[in-house]
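*Asks:* The structure is given below, and queries will be raised subsequently.
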Amino acid sequence: MTLLRHLAVAVGAGLILLALSVKVTPYRDYQIAEVAAYVVAVAGLTVLIGLSGQISVGNGAFMAVGGYAGALLLIHQSWPLALVFAASAVIAAAAGAIFGLAAARLRGPYLAGATLMLAVALPSLADQYTGVFGGDQGLSASITTPAFLGATFPPTRWQAWLTCAAALITLVLLANLRRSRVGRSWRAVRDDEVAAALSGLNVARLQILAFVVSAACAGLGGALLAVVTGIVAPGAYTLTLSIGLLTAAVLGGLGSLPGAVWGSLVLVLVPTYLTNVTASHGLSGAASSSVPIAAYGVVLIVVMLVFPAGIQGALRRIFGPAAPAAAVPLNALRRRRPASEHEEEGIHEKIT
Amino acid sequence: MRRSPKTRLGAVAAVAAVALAAAACGSSGSPSGSKALTASAPGITPSQILIGSHQPLTGVAAPGYDEIAPASNAYFQYVNAHGGIYGRKIVYKYLNDQYDPTDTASVVHQLVLQDNVYAIFNGLGTPTHLAVVKYLNSSKVPDVFVASGCECWNAPGTYPDTFGWQLDYIREGKILGSYIKQHFAGKKIGYFYQDDEFGMDGVKGLNYELPKSQVVASESYNPAVTNVAPQVTALKAAGAQVVVSFSVPAFTALLKLTSLKLSFSPQLVVSDVGSDPITLAGLLQSFAKQGGATVSGNALTQGIITDGYLPSLGDTSNSWIQLFTKLHSKYLPKLPLDGNVAYGLAVGYTFVQAMLKAGRNPSRQDLINAINGGLPQGAAVAPYAYSSSDHNGITGAYMAVVKNGVLVPTGPVQVTDDSPTGAITTETAAQPAAPASGIPSP
Amino acid sequence: MQEFIEFTLGGIASGMIYAAIALSLVLIWRGTRVLNYSQGGMAMFTTYVAWLVIRHTGSYWAGFAAALASGLVLGALCERSVVRPTEGRSPLNSVIVTIGLLIFLEGLAGVIYGGQYRSFPAAYSLNGLKIGKFALGISPNDLFTAGAVLAAALALALVFRYTSAGLRLRATAFSPVVARLLGVRIGRVLTLGWALAGLFGALAGVLVTPSTFLYPNSMDSIFVLGFTAAVIGGLDSPGGAVAGGVLLGVVLSYAGGYLGNDLVLLYGLVVLALVLMVRPSGLFSAPRTRRV
């Protein structure tokens, strides 16, 4: 039943997006495509952090793996697009498995540090093996609009269709995963690792699985974004990207799939909006190009302070009853200590 | 009757004066009865021409490069204040991409799809512009005067609407290599280069000219890591007497400072990209005030050998430099008059040349045809290569040495091509002077 | 041999710079359990303050003092205004808030000072030191940097261990509820912790900036390496921060010198991975009890 419900929601959303993509301008279609690509990656990350309680500041690296895999497949093979995307996700998942294995014992800020270094270091592989990876210039990752759509079909609309379809499929799969036993096991580990281990859950395997899932999503998102922007290059996978994914996941609402959508919308639309607003006030020139940057920082702070449970958390409070929401992962950053020493770890009081 | 020479001279003078006056009357003033201005292409209205660009205005790649677009814009404002392009004003919308190709794709899609710009002008950066070059060509948007020295813009078959402008890095490497071969024969050479296509293309050009046996070390650096001590130590250990540096100004400065620390003093030969004396002096100026040391910002740049494809800013008798100085003091007083500003002004001038050649009511293809037909030299010291089979820009440069904060040319302009065996020849024609009005003639 | 010595000493010198950043991260983590992602940005901002003072007064040490003072103020200000409301919430909220703070500070610096490089002076000479004819590959300024970092680490360790303020800091981080029950003014302690971290960050900024040049994003890449050094050493240990910094600096120096410079960051990742695989909480963290 859960599956049917999720599918129904997805189909409904898909129809709405289809209608929307036809009505709006080609530029808006491009933005829809960008947002959808990020939704895939952010959804994987929000599952990793929100459900399994592990922090990653490095999912941009997995996006790079998926992006490069997709670009290389597009260049060297003539597989159908769906297969290219699936393969990119699988390759990124493998990278996630390797990293998850290496990092299985890490918790909290140490895991954060490891993922941070991964995000910074992995793209530099492309600079080293320039023959395969194209070096700093990168590789082209463009696709052509299928012939059956006609010659005047805007390419950006086709990109929007592709990415939205991928995003909806991903969201359905993740939603089912959340409701499944794996999802429940993840939440158990997140909330109390020792108790989960005592009740027979294989903690390490679950942690690695979470990394695999989030890396697969990031890889698919990376391949989608590569196709939308038309290039993969190290400069596209800087730390800023990983930070952006994290920001989108938390702002949208950790652990929540609709939150991934809100977060991606903020990530793509707010900086452009702020730049346009600044420009329309007649400010131009080098110093004032920093104004939208400063404003974006303020937006992040304000949204986080006003909506501590993210945008989805706020919406839930306004519109819905207090559903068993994705609980705030209290221990995502704290060091694990044996349960006996810290009975009060579960209590949180606002410090005045 | 014999006329005195003075009378005859007077008659000749009178005739000449009348003839000149007639010619002046004929060409002065706007031709009345000329065609009306129409909206002949996307981005062109009867009153304005809208062009766009992507630039790193913030972020790690911004320092220095964020001066280029305002400088070009300053030149456009000057032209707008003096009649514009056939009466139309140029509106230059340059958006920030923070040197991230994903952002480049976003802003260029916005400029093309939402703002409907006529052309993309001077898009900056190689990995960034590579993200959009296919899209621009498939959308048939003119992509003119890319701000990058990659030879990838010279592909008239694949990218018919894309044109380079600046001296490309392979040509530059050849010119520097040839100079070193002549003046430092037998000396040990070390390379210090950025690990992207800027550095690698430069090294490629150097290797076309320099014999392998002379090169004792080849050290690359990653711009994300500011510690270059390992590289400089390796250069020193190899005994390099001349170090050729394809580096951006920050890393040229770091190379110099680290060499000081390691007591290593090779002859530095630096790419034009990283040798602007004013930028370098600004970076190094704090290290002038050392306890006991007598170095000064300028002293640290003294003697650096480099090349230049625009006239030296120290050559105040050059008509182009006089024009740049005038524009800078009027429109850009807050910026230093350095290499980046000169670059922006010069490439803006080239765009105006091309637009004037494109005609009163140009389509997008008219601009492409105008450049394919070749452009006059403008502020560059060497001719452009523009033709329908060659989309490269400036073809040569002069060698110079940094003395007291300015480039002092040490030889004539050398012109070459991108190929491994293409000869390096001396340019004999002098650089044409800047027009008195500062605006090219149509 | 000469090369080896130069690589080693150069690696230690650059490692001290990473240690400087790591120290302030350790302070914030140990005192407040917050990952301060804006540490580098705060250091950049205080270095701009120093730069302004130096420009107007001509005195380096006046600027140095101004940086440290503004670090104290900036740290306290950030904690009270922006980080305090996240206390008690998910730890990730404070991470996002500090990310927003970093972006804001970088944008603000760009607006006030513009994006171009500014030259920032070093305390002492940058000319290389020699023993006779043998060049060591380090300068008097490197020695000053190392000394300052070691003094700061020592001061931090002493504060944590022997002062009541340090005890309160540690207690607050360990268990805020119990600390409050025991009469610790949590709010004041958190502000103090951030103020001190601002101070140490400012120190790191003035030590680092001569070689990165001052511009709004000047501390971005150094921050990553400093964070890595802190993780390698163990986020609870000031000595670990120094050890982690030196280890990272030396390894990167050898790797860059002998193996090639394109993959320097990857070597850093390898070092981090190796250390964390053996000791998941860093080199000098307290031994962890075995979990079931």
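The values are calculated or read from the model by the stated rules, or taken from the named source; none is laboratory data. This is a predicted model, so every value here is computed, not measured. Positions of Cβ are backbone-derived with ideal geometry, glycine not excepted, and every protein chain shown enters the neighbour counts. Areas reflect the complete protein model, heavy atoms only, side chains present, ligands, DNA and RNA absent. Shrake-Rupley method; radii C 1.70, N 1.55, O 1.52, S 1.80 Å.
*Asks:* State which residue is farthest from the other protein chains (Cβ to nearest Cβ) when the search covers only region C:242-264 and only residues that are modelled with pLDDT of 85 or more and out of contact with any Phe, Trp or Tyr (no Cβ under 9 Å at 6 or more places or on another chain).
*Replies:* C:242
*Asks:* I need a count of the residues in region B:94-150 that are among the β-branched types (Val, Ile, Thr) and not in a helix (DSSP H, G or I).
*Replies:* Of the residues in that region, 5 qualify.
*Asks:* Any chance you could count how many residues in region B:94-116 are more than 15 Å from residue A:276 (Cα to Cα) and in contact (Cβ under 8 Å) with a residue 40 or more places away in the chain?
*Replies:* Result for region B:94-116: 6.
*Asks:* Do the conditions hold for residue A:60, that is, is it free of Cβ contacts under 8 Å to residues at least 40 places away in the same chain, within 11 Å of another protein chain (Cβ to nearest Cβ) and crowded, with 23+ Cβ neighbours inside 10 Å?
*Replies:* no
*Asks:* Only one residue in A:160, A:167, A:141, A:103 is over 30 Å from residue C:274 (Cα atoms), at the interface with another protein chain (Cβ under 10 Å from one of its Cβ atoms) and surrounded by 24 or more Cβ atoms within 10 Å (Cβ to Cβ), so which one is that?
*Replies:* From the options A:160, A:167, A:141, A:103, the qualifying one is A:141.
*Asks:* Can you find a residue in region C:83-93 that is more than 7 Å from every other protein chain (Cβ to nearest Cβ), in a helix (DSSP H, G or I) and surrounded by fewer than 19 Cβ atoms within 10 Å (Cβ to Cβ)?
*Replies:* No, region C:83-93 contains no residue that is more than 7 Å from every other protein chain (Cβ to nearest Cβ), in a helix (DSSP H, G or I) and surrounded by fewer than 19 Cβ atoms within 10 Å (Cβ to Cβ).
*Asks:* Let me ask something additional. Looking at region B:261-285, which of the residues that are within 9 Å of chain C (Cβ to nearest Cβ) and free of Cβ contacts under 8 Å to residues at least 24 places away in the same chain is nearest to residue C:115 (Cα to Cα)?
*Replies:* Out of the qualifying residues, it is B:285.
*Asks:* Continuing with this model, one more query. Just wondering, is there one or more residues in region B:9-30 that are under 17 Å from residue B:442 (Cβ atoms), modelled with pLDDT of 50 or more and of a type in the set (Gly, Ala, Ser)?
*Replies:* So far as region B:9-30 goes, no, none of its residues is under 17 Å from residue B:442 (Cβ atoms), modelled with pLDDT of 50 or more and of a type in the set (Gly, Ala, Ser).
*Asks:* So in region A:1-28, with the set limited to residues that are open to solvent by less than 20 Å² (accessible area, probe 1.4 Å) and over 20 Å from the mean Cα position of the chain (by Cα), which one is farthest from residue B:104 (Cα to Cα)?
*Replies:* A:21
*Asks:* Select from region A:109-128 the residues that are within 21 Å of the chain's Cα centre (by Cα) and more than 8 Å from chain C (Cβ to nearest Cβ) and write down the one among them that is farthest from residue C:222 (Cα to Cα).
*Replies:* A:111
Listed here are the residues, each with its yes/no results for (1) under 18 Å from the mean Cα position of the chain (by Cα); (2) of a type in the set (Val, Ile, Thr); (3) under 23 Å from residue A:219 (Cβ atoms).
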| position | (1), (2), (3) |
| --- | --- |
| A:149 | no, no, no |
| A:153 | no, no, no |
| A:160 | yes, no, yes |
| A:163 | yes, yes, yes |
| A:167 | yes, no, yes |
| A:175 | yes, no, yes |
| A:182 | no, yes, yes |
| A:189 | no, yes, no |
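*Asks:* Being farther than 22 Å from residue C:34 by Cβ, within 7 Å of chain A (Cβ to nearest Cβ), open to solvent by less than 10 Å² (accessible area, probe 1.4 Å) and not hydroxyl-bearing (Ser, Thr, Tyr): is that true of residue C:100 here?
*Replies:* no
*Asks:* Does residue B:235 satisfy being crowded, with 20+ Cβ neighbours inside 10 Å and in contact with a Lys or Arg (Cβ under 8 Å, 6 or more places away or on another chain)?
*Replies:* No, not satisfied.
*Asks:* Next question, about the same structure. Read through the list (1) open to solvent by 10 Å² or more (accessible area, probe 1.4 Å); (2) part of a helix (DSSP H, G or I); (3) in contact (Cβ under 8 Å) with a residue 40 or more places away in the chain, then give the number of the only condition that residue A:40 fails.
*Replies:* Against the list (1) open to solvent by 10 Å² or more (accessible area, probe 1.4 Å); (2) part of a helix (DSSP H, G or I); (3) in contact (Cβ under 8 Å) with a residue 40 or more places away in the chain, residue A:40 comes up short only on (1).
*Asks:* Report, by residue number, each residue of region A:248-278 that is among the polar types (S, T, N, Q) and touching a helix residue (DSSP H, G or I) at 6+ places or on another chain (Cβ under 6 Å).
*Replies:* Within region A:248-278, A:256, A:264, A:275, A:278 meet the criteria.
*Asks:* Scan region A:142-166 for residues that are over 16 Å from residue A:229 (Cβ atoms) and among the hydrophobic types (A, V, I, L, M, F, W, C) and jot them down.
*Replies:* A:147, A:148, A:149, A:151, A:153, A:161, A:164, A:165
*Asks:* Kindly indicate whether residue B:217 is buried (at least 24 other Cβ atoms within 10 Å of the Cβ), of a type outside the set (S, T, N, Q) and at negative phi.
*Replies:* It is false that residue B:217 is buried (at least 24 other Cβ atoms within 10 Å of the Cβ), of a type outside the set (S, T, N, Q) and at negative phi.
*Asks:* Still on this structure, I have one more. Any residue at all in region A:7-26 that's at pLDDT 95 or above, farther than 15 Å from residue A:247 by Cα and within 14 Å of chain B (Cβ to nearest Cβ)?
*Replies:* no
*Asks:* Let me ask something additional. Answer with yes or no whether residue B:174 is touching a residue at least 24 places away in the same chain (Cβ under 8 Å), open to solvent by 40 Å² or more (accessible area, probe 1.4 Å) and closer than 22 Å to residue B:304 by Cβ.
*Replies:* Considered against the rule, which asks whether it is touching a residue at least 24 places away in the same chain (Cβ under 8 Å), open to solvent by 40 Å² or more (accessible area, probe 1.4 Å) and closer than 22 Å to residue B:304 by Cβ, residue B:174 comes out as no.
*Asks:* I'm trying to understand the selection: among the residues of region C:103-120, which are in contact (Cβ under 8 Å) with a residue 12 or more places away in the chain, facing another protein chain (nearest Cβ under 7 Å) and open to solvent by less than 20 Å² (accessible area, probe 1.4 Å)?
*Replies:* C:107, C:110, C:115, C:119, C:120
*Asks:* OK, next. Among the residues of region B:82-116, which ones are open to solvent by 30 Å² or more (accessible area, probe 1.4 Å), of a type in the set (Ser, Thr, Tyr) and within 14 Å of chain A (Cβ to nearest Cβ)?
*Replies:* Hits for region B:82-116 are B:94, B:99.
*Asks:* Can you tell me which of (1) at pLDDT 90 or above; (2) crowded, with 18+ Cβ neighbours inside 10 Å is the one residue A:328 doesn't meet?
*Replies:* Among (1) at pLDDT 90 or above; (2) crowded, with 18+ Cβ neighbours inside 10 Å, residue A:328 violates only (1).
*Asks:* What residue, of A:228, A:213, is more than 14 Å from residue A:61 (Cβ to Cβ), in contact with a helix residue (DSSP H, G or I) (Cβ under 7 Å, 6 or more places away or on another chain) and open to solvent by 10 Å² or more (accessible area, probe 1.4 Å)?
*Replies:* Only one candidate passes the filter, namely A:213.
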